[in-house]
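Here is the structure we will look at, set down as structure tokens.
The values are calculated or read from the model by the stated rules, or taken from the named source; none is laboratory data. Nothing here was measured: the structure is a model prediction, and the numbers come from that model. Quick reminder, even Gly has a Cβ in these numbers, built from the backbone with ideal geometry, and neighbours come from all protein chains shown. Remember, those area values only see protein heavy atoms, side chains included, never the ligands or the DNA or RNA. Shrake-Rupley method; radii C 1.70, N 1.55, O 1.52, S 1.80 Å.
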Amino acid sequence: CLGFPLSIFFIVINEFCERFSYYGMKAVLTLYFTRFLHWDDNFATAIYHTFVALCYLTPILGAIIADSWLGKFKTILYLSIVYAIGQAVLSVGSINDLTDHNRDGSPDIVAVNIALSMVGLILIALGTGGIKPCVSAFGGDQFEDDQEKQRSTFFSLFYLSINAGSLLSTLITPTLRASECGIHTKQECYPLAFGVPAILMAVALVVFVAGSKMYKKVKPQGNVMLEVSKCVGFAIKNRFRHRSKEFPKREHWLDWASDKYDKRLIAQTKMVLRVLFLYIPLPMFWAVFDQQGSRWTLQVFFLSGDFGFQVQPDQMQIVNPILIVIMVPVVDSLIYPLIKKCKLNFTPLRKMTVGMFLGSMAFVAAALVQVQIDKTYPVFPAAGQTQIRLINLGAAPATVQFQPQLQSVDVAPNAETGYMTFETSKLQSLDIMSANVNETRALELLEGERYTLPFKWVSGHINSDLIWDNITSKPASGKSLVRFINNLPFTVNVTMGDTEFGPLDPLSVSNYTDVPKPDWKYIIDVSWYLGYCGALSKKFGYGGAYTISIDNCVAGQLNLKYFEDMSPNTVHMAWQIPQYFLLTCAEVLFSVTGLEFSYSQAPSNMKAVLQAGWLLTVAVGNIIVIIVAGVSTIKEQWAEYVLFAALLLVVCIIFAIMASFYTYIDPNEIEAQFNKEEREEDKKDQDDNEKEAEADSRM
């Protein structure tokens, strides 16, 4: 078809569906850990990066299986089945109603959900990692030797399908997650967010199988990684055997393998090891880069996503693939030519060094954004402290004296004081004075908690009620919380949209409840035995908490007073764009150039070894994040960002020094030299054989 083997269209469609499945699932994974499984940020980060590390360790296994035993086709087929099963298991594990027998909205046996989720993720890691080194190579196998142009076009289409799958899935699956579903209770729809990627993986499998009769299937020819490993292992073992001084030294330690392996393999292995040595500092870059899906997604929790429409926290990851599509052609066709015109020798290793520096700066930008977030973050009571807030619901001003003689506060009618912090052991009671009435209220407070004390002068008495607020952090759901306080002299039933807040006695307060869509307005209905009143709410925004006072009803119109218990997110998501821009520029300079450099410095039959080494650096980078998340005692998130920025900057300097000592080679010239020597040896052997044959004939 158009000069291409028809089979490659099945492979491209398969890759699009598989990448949609992987990136769609990965986009919502961190929020699934924190919001559904209710893991803390550090543990969720550690498990996320454990999963990513597994995804980059298993390609080595997949390559060995494909090249040594099953071949690429069967490896892709069998591991895709494992992959699809894993996606399905993860989707089932995210069903809230699976063990919610009492129908309270929370799983009764959360261990079942965790177990299914972990099994699903392990199968996904095995599947996606196992097929990663096989699919593109299998596509390349479909072309004949004289189809270099078509093969190059195929790899461009292949790369485009990867980015298209990533872009669409990162946009769609967070939207599916934000929708609500459930049998007994409506919650964020993780089964749908994971289910659609599972369906796409099943489609990928069906498409791949559909083209099976058209594929050119190359038989396994042995895995070069195993040969290199055996060669290196034998050299080390042989050197150890001959460690005494009586044995003469050899020019290179790998030359000790010459007793068993030919010179060509040893020379090729030397070239590969020179590049792999430069890989040693690289994991630190990936430790920074892959935190887009963990720490940066958690950072968006505290940002405002109002762009005229609401952007979900996990949708911000789409900035990276969008910028990649823009930046790669801009850098290749504009930036690099300009640098060349300025006669600057911008070598591949220098590009990678600049990429690492930009990655470090991206985390400096993330730290600056975090500092701005922290300024808006509410101050909660520390150990040994309690916070209390006063709300005067009456029409007369009041003065409140905290006892014993701590401080005095004036509270205007229908107003609040904001949270005040006291040492719990010292605050025993308070005196409320309003309209010539003085009443004392004893206080029994818990350390580290927040309380609200609404009070009201009524017919010569001051009614009050101490309420435990039960929030010491931003809402875990990322939404806003709302509760109602009844300022009417009779019991009322309160609903907001489809949410019921139950009957409220005078001066009593409902529990906090999530606002389903904080960027929407809701109809608030209040009913009692003699009447009904309604009003339209305001938009609550994300990350806030509100107490709404039901004050009175005039001609069917409800009068409400909003008290802000916790301010909503005010720092805008757009402030994350600079850090994404810096990190994407870093990726273009580091990742694209790194692979290009690696391939240019190794023999053609050793590309798989370098690909395995490159993927291994990604896995090690994620392991670094796991270690830091597990052992770090840093409490401020901005400080952790600075730590990673500093570490990457140090590694960048080390890499620059290592790169300055590197000498570029042309593997093709070395290969040509070996070919020439082999031809000369073959000719010499042929001449010797001819001479022997001539001598034999004379005899």
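Summary of values
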{"read-out": "Options Ser660, Ser598, Ser632; residue that is without any contact (Cβ under 8 Å) to a residue 12 or more places away in the chain and small (Gly, Ala, Ser)", "value": "Ser660"}
{"read-out": "Search result, residues across the range 483-542 that are surrounded by fewer than 14 Cβ atoms within 10 Å (Cβ to Cβ), under 21 Å from Lys456 (Cβ atoms) and among the β-branched types (Val, Ile, Thr)", "value": "Thr491"}
{"read-out": "The range 564-579 residues that are touching a residue at least 40 places away in the same chain (Cβ under 8 Å) and of a type in the set (Asp, Glu), paired with ones that are open to solvent by less than 40 Å² (accessible area, probe 1.4 Å) and not in a helix (DSSP H, G or I) (beta carbon under 7 Å, 6 or more apart)", "value": "Asp565/Asp469; Asp565/Ala545; Asp565/Tyr546; Asp565/Thr547"}
{"read-out": "Selection within the range 16-38 - in a helix (DSSP H, G or I) and among the hydrophobic types (A, V, I, L, M, F, W, C)", "value": "Phe16, Cys17, Phe20, Met25, Ala27, Leu29, Leu31, Phe33, Phe36"}
{"read-out": "Unmet requirement for Glu640, which otherwise passes all of (1) over 28 Å from Gly478 (Cβ atoms); (2) acidic (Asp, Glu); (3) surrounded by 15 or more Cβ atoms within 10 Å (Cβ to Cβ); (4) in the same structural domain as Thr663 (by the TED database)", "value": "(1)"}
{"read-out": "Hits in the range 390-448 (condition: among the hydrophobic types (A, V, I, L, M, F, W, C), assigned to a strand (DSSP E or B) and over 48 Å from the mean Cα position of the chain (by Cα))", "value": "Ala398, Val400, Leu430, Ile432, Met433, Val437, Ala442"}
{"read-out": "Selection status of Thr593, closer than 30 Å to Ile326 by Cβ and either assigned to a strand (DSSP E or B) or out of contact with any Phe, Trp or Tyr (no Cβ under 7 Å at 6 or more places or on another chain) (or both)", "value": "yes"}
{"read-out": "Yes/no for Ala608 being part of a helix (DSSP H, G or I) and open to solvent by less than 40 Å² (accessible area, probe 1.4 Å)", "value": "yes"}
{"read-out": "Search result, residues across the range 533-582 that are of a type in the set (Gly, Ala, Ser) and in a strand (DSSP E or B)", "value": "Gly534, Ala535, Ala545, Ser549"}
{"read-out": "Pick from the range 68-127, criterion in a helix (DSSP H, G or I) and among the polar types (S, T, N, Q), ranking: surrounded by the fewest Cβ atoms within 10 Å (Cβ to Cβ)", "value": "Ser68"}
{"read-out": "Qualifying residue in the range 575-584 (condition: open to solvent by less than 70 Å² (accessible area, probe 1.4 Å) and assigned by the TED database to the domain that holds Gln317)", "value": "no"}
{"read-out": "Pair list, Cβ < 9 Å and 6+ apart or interchain, from the range 395-420 residues that are in contact (Cβ under 8 Å) with a residue 24 or more places away in the chain and open to solvent by 40 Å² or more (accessible area, probe 1.4 Å) to residues that are assigned to a strand (DSSP E or B) and among the basic types (Lys, Arg)", "value": "Ala395/Lys456; Asn414/Lys561; Glu416/Arg389; Thr417/Arg389; Tyr419/Arg389; Tyr419/Arg450"}
{"read-out": "Filter result for the condition that a residue is of a type in the set (A, V, I, L, M), in a helix (DSSP H, G or I) and farther than 21 Å from Pro133 by Cβ, over Ile8, Ile47, Ile13", "value": "Ile47"}
{"read-out": "Test: Val571 is outside the structural domain of Leu445 (by the TED database) and within 32 Å of the chain's Cα centre (by Cα)", "value": "yes"}
{"read-out": "Trp614 outside the structural domain of Pro133 (by the TED database), farther than 18 Å from Pro281 by Cα and not in a strand (DSSP E or B)", "value": "no"}
{"read-out": "Residue satisfying condition, being part of a loop (DSSP other than H, G, I, E, B) and in contact with a Leu (Cβ under 9 Å, 6 or more places away or on another chain), within set Pro248, Pro220", "value": "Pro220"}
{"read-out": "Any hit, the range 617-640, residues being small (Gly, Ala, Ser) and within 26 Å of Asp332 (Cβ to Cβ)", "value": "yes"}
